[in-house]
Each structure stands twice: as structure tokens, then as C-alpha cells.
1. On the first, second and third principal axes, largest extent first, how far apart are the outermost C-alpha atoms of segment 92-159 in Å?
2. Along the Cα-to-C-beta direction of S86, a point sits 7 Å from the Cα; which residues of segment 96-125 have their amide N less than 18 Å from that point?
3. Within 9 Å, Cβ to Cβ, of F81, how many net charges do the neighbouring residues add up to if Lys/Arg are +1 and Asp/Glu are -1?
4. Consider just the alpha-carbon atoms of segment 44-177 and return their Rg together with their Dmax, both in angstrom.
5. What distance in nm separates the two pseudo spin-label positions at Y122 and H147, each 7 Å out from Cα along the beta-carbon direction?
6. Quick one: accessible area per residue over segment 31-182, 1.4 Å probe, rounded to a whole number of Å²?
7. To the nearest 20 debye, what charge dipole does segment 44-118 have about its Cα centre, counting +1 at the Cβ of each Lys and Arg and -1 at the Cβ of each Asp and Glu?
8. Which net charge results when you count Lys and Arg as +1 and Asp and Glu as -1 among the other residues whose beta-carbon is under 13 Å from that of Y108?
Amino acid sequence: MPMPKCLNLTVAAAGACLVVGCATQSKPSVSSARHVPNVRTTAYTHSEGSGSHNAVGTYLSGRHVMSAASDWSRFPLGTRFRIADSSEEYVIDDYGMALIGTNTIDLYKPSRLEMKGWGVRYVDIDILQWGSEEQSLKVLAPRCKNHCVQRMVASLQQKRALQKKELVASLDPKKTQPKKKT
């Protein structure tokens, strides 16, 4: 039984809202769930040569919510997470060249001793809030002379193009109308 035209449009609009809602909530490719198991983590500190500021120009935080670095095309700027087996909470506010193309998160530690003590660990994390791919692109765009930044930007733009393509496909009236029987 064919749907009335206004119901057809309503279904298409609802589908578009769903797709747009999903598209604006950035999710890293490692998982679409809030719990991400077995994430490779390393540690860094301000005395390693990168200085005491993060990629957005503020001081690295070693307090309540600590700084962390990642490939922003996987864990975008602003992603807040907690290490599942502890109460340690982090926010992605930095990136590192060695992290590009990996699912590794580099955790900021306030001292060299804590950094060395962390080493490399595989931990489960709970995502508290997904970051923004849009904000990631805004920060990265002026830095595109760097090859590693170019890789992150290209990956973020590729994701954006795929999301747009999915949105357009969901709005295609040919797909939302039932086929007529002959």
C-alpha cells in the first residue's frame, strides 16, 4: 500500500534528522560504542620538548581532567574519556605526529617519573563525550603545511564527504517510496 505523499516526506525528514544527528556526533573508527576496549596508550610530559602547551594553545592539564593527545581523525578534539579501571579522566586537546594513523592515545603526565611509570598500556576506556571533527578541522586547517597534519585533515574530510553522501542517499525520494506492483 503506497504511503501518502506528506507521510513520505515526514519519513524522509525524520531519516535526515537521524543521519544529521549521527553525523554531528563524531565517533572514532575503533568503535561506535561508548565503551572502547583495549586501547593502546602511551604517556608524554611537558619536558619532552613539546613544551607545556597543547595544540589549542592552553596549558597541558595534569589536574582533574588531564590532557591527552591522539590522531584527531580517530579521537577528535574535545573527546572526553575515563580509563575504565580508574577514575582518571582525560580530554583530547593535543595531537602528536607519532599518533597519526594509529588508534593510540598519548596521556599527559605531569612528571617524567609518572610518564616512564606508565609506559605502554592497553586499557579499556569509557567515552564520556565525543569530540568535534568540525573543531578539529578548524584548528588543523592553518597547519596544513605539515605532512602529518595533512593526513589528519584528509581523513577528516573523507569522513565528512562520506557523511554527506549518506545524508543525500537517505533523502533520495526514490528510496523512500515503495515500488509499485505491476
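The values are calculated or read from the model by the stated rules, or taken from the named source; none is laboratory data. Nothing here was measured: the structure is a model prediction, and the numbers come from that model. Note: ideal-geometry Cβ built from the backbone for every residue, glycine included; neighbour counts use all protein chains shown. For accessibility, only protein heavy atoms count, side chains too; no ligands or nucleic acids. Shrake-Rupley method; radii C 1.70, N 1.55, O 1.52, S 1.80 Å.
1. Here the spans come out as 36, 27, 19 Å, largest first.
2. 104-125
3. Values: positive: R80, R82; negative: E89, D126.
Local charge sum for F81: 0.
4. Using the Cα atoms of segment 44-177, the pair Rg, Dmax is 17.0, 63 Å.
5. Once both label points are built, they end up 3.0 nm from each other.
6. Details: 8750 Å² over 152 residues.
Dividing the accessible area of segment 31-182 by its residue count gives 58 Å².
7. Working: 7 positive and 9 negative charges, 14 e Å.
My answer is approximately 60 debye.
8. Details: positive: R63, K109, R112; negative: E48, E88, E89, D93, D94, D106, E114.
Residues near Y108 contribute -4 overall.
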